[in-house]
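The values are calculated or read from the model by the stated rules, or taken from the named source; none is laboratory data. In this text, all values refer to a predicted model and were calculated from it rather than measured experimentally. Every residue, glycine as well, gets a Cβ built from its backbone with ideal geometry; the counts of neighbours run over all protein chains shown.
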Amino acid sequence: MTVKRLRERQAEATRELLVGIARERFVEQGYAATAMDDIVQRAGLAKGALYHHFSGKDALFTAVYDVVLDETAGAVMAAALAEEDPWAAVRAGLSAFLDACLRPAFRRIVIIDSVTVLAARAWENGTEGVELPMLRTVLTPLVDSGALPGVTLDALAHLALGGLYGSALYIARAADPEAARVEADVVLDVVLRGVRAATT
């Protein structure tokens, strides 16, 4: 292994360490209450090592956000792709997203804190990075099956995304998130049954 490659691997390991510790602190304390000095101390690194990889707290939060969102998108798409029936695939994929709303990392980082921390990024980049591609994967078999005549994939994906994030906020902010998750599931089933009945 060359010296350059060794340094690259060490840098990758340091970055992963910082992201992992930051993830724990953001989940436990929230973005506002998490101090960069605390993350550096827990990592056993000099502050310069952190700023070598991240320009500041927002950049570190963004890296954590991307990891958590990618994990969730992977779980959602895997759940959908495991089903052969297009309607069952949509049900499984959307349900997997709602399940993620009960997980502390997704709930705190993606649903609650990102609303304020990443507002500018969301405005500039929209949801093309992960969310819409995820939903296109979930919804494509249903649209391609011809079960929804006149419905375009992009229009359906955007509408579904709005509903999912509304549901996510409802679950994340509820006094009893698990009860709210059950309520969201009831709504999901009613909507899917209604759409299916209207198109058959």
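Below, the figures for the structure above:
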read-out: So residue 93, is it assigned to a helix (DSSP H, G or I), under 28 Å from residue 178 (Cβ atoms) and either modelled with pLDDT under 95 or not charged (D, E, K, R) (or both); value: yes
read-out: Selected residue [assigned to a loop (DSSP other than H, G, I, E, B) and closer than 29 Å to residue 63 by Cα] from 132, 102; value: 102
read-out: Qualifying residue in region 161-175 (condition: part of a helix (DSSP H, G or I) and more than 21 Å from residue 72 (Cβ to Cβ)); value: no
read-out: Residue list for region 76-108, restricted to those being over 20 Å from residue 153 (Cβ atoms), among the hydrophobic types (A, V, I, L, M, F, W, C) and surrounded by 18 or more Cβ atoms within 10 Å (Cβ to Cβ); value: 98, 100, 101, 105, 106
read-out: Test: residue in region 18-25 that is surrounded by 11 or more Cβ atoms within 10 Å (Cβ to Cβ) and touching a residue at least 60 places away in the same chain (Cβ under 8 Å); value: yes
read-out: Flag if residue 42 is part of a helix (DSSP H, G or I) and free of Cβ contacts under 8 Å to residues at least 24 places away in the same chain; value: yes
read-out: Single residue of region 50-88 satisfying the filter (more than 18 Å from residue 192 (Cβ to Cβ) and among the small types (Gly, Ala, Ser)) that is nearest to the chain's Cα centre (by Cα); value: 73
read-out: Residue 173 being closer than 30 Å to residue 32 by Cα, surrounded by fewer than 19 Cβ atoms within 10 Å (Cβ to Cβ), charged (D, E, K, R) and in contact (Cβ under 8 Å) with a residue 24 or more places away in the chain; value: yes
read-out: Residue satisfying condition, being modelled with pLDDT under 90 and either touching a Ser or Thr at 6+ places or on another chain (Cβ under 9 Å) or surrounded by 12 or more Cβ atoms within 10 Å (Cβ to Cβ) (or both), within set 11, 43; value: 11
